[in-house]
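Comments concern the structure below.
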Amino acid sequence: MAPTEHSQLIESLHPLEIKFLASFAERESRTTPEIMAASGLDESRLDMAAGWLQSKGLLTITGERVTSLVSLTETGTVYREQGVPELRIITALREGKQITVKDILQSWGLDPSEVSSAVGALKEAAVVRIVSGGVLALNESPDVAPYQFLADLISAVAAKDQADLADFPSDQQAAIQANYHKRGKSKGIFRITEKKERSYGLSKEGATVVRLLQQRGTTADEVSALTPEMLKTGSWKQKKFRAYNISLSPPRIGIGRKHPYREFLDFVKYKFIGMGFEEMRGPLVENEFWDMDALFMPQFHPARNIHDVYFVKDPTHCGKIEEPFGKQVAAAHKNGGKTGSTGWRYDFDIERAKRLILRSQGTAVSARTLGSGPKVPGKYFSIARCFRYDAVDATHAPDFYQVEGIVLGENINFRALLGLLQLFGKEIAGAGEFQFRPAYFPFTEPSVELHVRHPELGWMELGGAGIFRPEVTAPLGVTVPVIAWGLGLDRMAMVALGIQDIRDLFSTDLDFIRTKKIRLG
């Protein structure tokens, strides 16, 4: 490290770091107690300064010794003052007193669990027995040594408060371990706390900095802030001010903010509005008519199984289907209606069309919009929550957001659709690579899928698109071409937010919420 770098480093040192380093003097290694005694730092400030110095490469940990310190709990303190319950019972019986468990509970101030444990231990050791009336009686030649041993140990621990467990004989160590307070237990006689004593050593750079601090006469008395009092009295003239370290990052403030995924959804919405689109809205609980039938998905065909839907238990059906759409869609399914096609050639079941489900695709919102007399030319979008049964993994979820859109116009065509999809992949998902792949959907022809490359997961399908078939548009009163798309916003968000698991989109981890940012381009 060059001299100028040493100077900059010294000027950036915190007073706690200077005190810590000053405690080394000519020595290159010290223990925690030695540093505390020489610097006057308490344990928490010492640990703080040590962490900073380690991060700067000036200090290393050369050793660590863990000491188990023994002290009495509140229960142990009561036993020291009043006696161990077992010994108290034995003493009372030796004095000829007639006592029952009920007497002990009422007058000795012990917890029922302590009384039960003490009496049970004495009975098991054949020290006492219970005679008629529940009275405790002392057996002949009782062995009271274990209880006296425990009482003596309690006194010894009290006399050596915060003593090292290793300083006790092995039999006393075993007794302490058997009676210490454990997490989750309400009682315990002894408390064992672990204390770490570390040894620190200066690195080569650390030794150089200590030497330079001594040569400069630098102490921790530098002032970090100019106060009004100093200006008033003029005492600032005699003060030495600590240099500002402008290279340090400011502390991160834990302010409130939107969830990253909520921010992404808002970002998508504003992008579409900025491109001149109008927002569409539709219900989460939808009937099969708008979710499937109006989209020319036959009621008998396997294409219906593309969506494994959630059916509503109560009520199961809606009241009625809007007319004339119900009849016109039924005709399109039966014989093509006025579209020129032959349709699906089956009798349409209007009762099935009334069945209620959780919306399985955002295209249902587009169908409702087409039936509401949209503008021509017109551009519409919707951020739609959809529900489909699916096995949950890193890229699949049973509920998800789709960005659904339609564009109506006399001259709209498939080339315009591909251009829009390319724009969405770049501007919204932030994808650098994308592919168009041929696809099939019952309600569009031609159809296409948009795939983008995720940096970790590889190629992912974002969704499908195409030109609505006449069997979709004509029954809803639309006579111009309509291009449509439904793209998975969750997967777009995975690319934009740089995450590898779709479940993280709904993370409640505060660090994720505070730090994750949308990355585009």
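Listing for the model above:
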item: In the range 375-393, the residues that are part of a loop (DSSP other than H, G, I, E, B) and either in contact with a Ser or Thr (Cβ under 7 Å, 6 or more places away or on another chain) or among the polar types (S, T, N, Q) (or both); result: 388
item: Whichever residue in the range 215-238 is more than 42 Å from the chain's Cα centre (by Cα) and surrounded by 13 or more Cβ atoms within 10 Å (Cβ to Cβ) and, among such residues, is nearest to residue 7 (Cα to Cα); result: 218
item: Boolean, residue 145 is modelled with pLDDT of 85 or more and either farther than 30 Å from residue 28 by Cα or surrounded by 10 or more Cβ atoms within 10 Å (Cβ to Cβ) (or both); result: yes
item: Index of the failed condition, residue 437 passing every other in (1) free of Cβ contacts under 8 Å to residues at least 40 places away in the same chain; (2) touching a Cys at 6+ places or on another chain (Cβ under 6 Å); result: (2)
item: Every pair of residues 6+ apart whose Cβ atoms lie under 7 Å, when the first sits in the range 479-491 and is outside the structural domain of residue 371 (by TED's automatic domain parsing) while the second is aromatic (Phe, Trp, Tyr); result: none
item: Residue within the range 117-124 that is buried (at least 17 other Cβ atoms within 10 Å of the Cβ) and acidic (Asp, Glu) present; result: no
item: Test: residue in the range 467-485 that is among the hydroxyl-bearing types (Ser, Thr, Tyr) and farther than 17 Å from residue 405 by Cβ; result: yes
item: Breaking point among (1) surrounded by 22 or more Cβ atoms within 10 Å (Cβ to Cβ); (2) more than 28 Å from residue 513 (Cα to Cα), for residue 261; result: (2)
item: Output for the range 38-58, where each listed residue is closer than 18 Å to residue 219 by Cβ, modelled with pLDDT of 85 or more, part of a helix (DSSP H, G or I) and of a type outside the set (Lys, Arg); result: 46, 49, 52, 53
item: Helices (runs of 4 or more DSSP H) fully within the range 59-122 counting 1 or more residues that are over 29 Å from residue 192 (Cβ atoms) and touching a helix residue (DSSP H, G or I) at 6+ places or on another chain (Cβ under 6 Å); result: 101-107
item: Matching option when the condition is out of contact with any Phe, Trp or Tyr (no Cβ under 9 Å at 6 or more places or on another chain), assigned to a strand (DSSP E or B), loosely packed, with under 12 Cβ neighbours inside 10 Å and of a type in the set (Asp, Glu), among 194, 286; result: 194
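Residue by residue, here is whether (1) under 10 Å from residue 475 (Cα atoms); (2) in the same structural domain as residue 445 (by TED's automatic domain parsing); (3) assigned to a helix (DSSP H, G or I) holds:
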{"residue": "320", "(1), (2), (3)": "no, no, no"}
{"residue": "323", "(1), (2), (3)": "no, no, no"}
{"residue": "329", "(1), (2), (3)": "yes, no, yes"}
{"residue": "334", "(1), (2), (3)": "no, no, yes"}
{"residue": "337", "(1), (2), (3)": "yes, no, no"}
{"residue": "342", "(1), (2), (3)": "no, no, no"}
{"residue": "366", "(1), (2), (3)": "no, yes, yes"}
{"residue": "373", "(1), (2), (3)": "no, yes, no"}
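To keep it simple, each residue is scored yes or no on (1) in a helix (DSSP H, G or I); (2) free of Cβ contacts under 8 Å to residues at least 24 places away in the same chain; (3) touching a Pro at 6+ places or on another chain (Cβ under 9 Å).
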residue: 199; (1), (2), (3): no, no, no
residue: 207; (1), (2), (3): yes, no, no
residue: 210; (1), (2), (3): yes, no, no
residue: 226; (1), (2), (3): no, yes, no
residue: 229; (1), (2), (3): yes, yes, no
residue: 249; (1), (2), (3): no, yes, no
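This table checks each residue for (1) farther than 30 Å from residue 76 by Cβ; (2) at pLDDT 80 or above.
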site: 185; (1), (2): no, no
site: 202; (1), (2): yes, yes
site: 229; (1), (2): yes, yes
site: 249; (1), (2): yes, no
site: 261; (1), (2): yes, yes
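The values are calculated or read from the model by the stated rules, or taken from the named source; none is laboratory data. Just so it is clear, the model here is predicted, and its values are computed rather than measured. Positions of Cβ are backbone-derived with ideal geometry, glycine not excepted, and every protein chain shown enters the neighbour counts.
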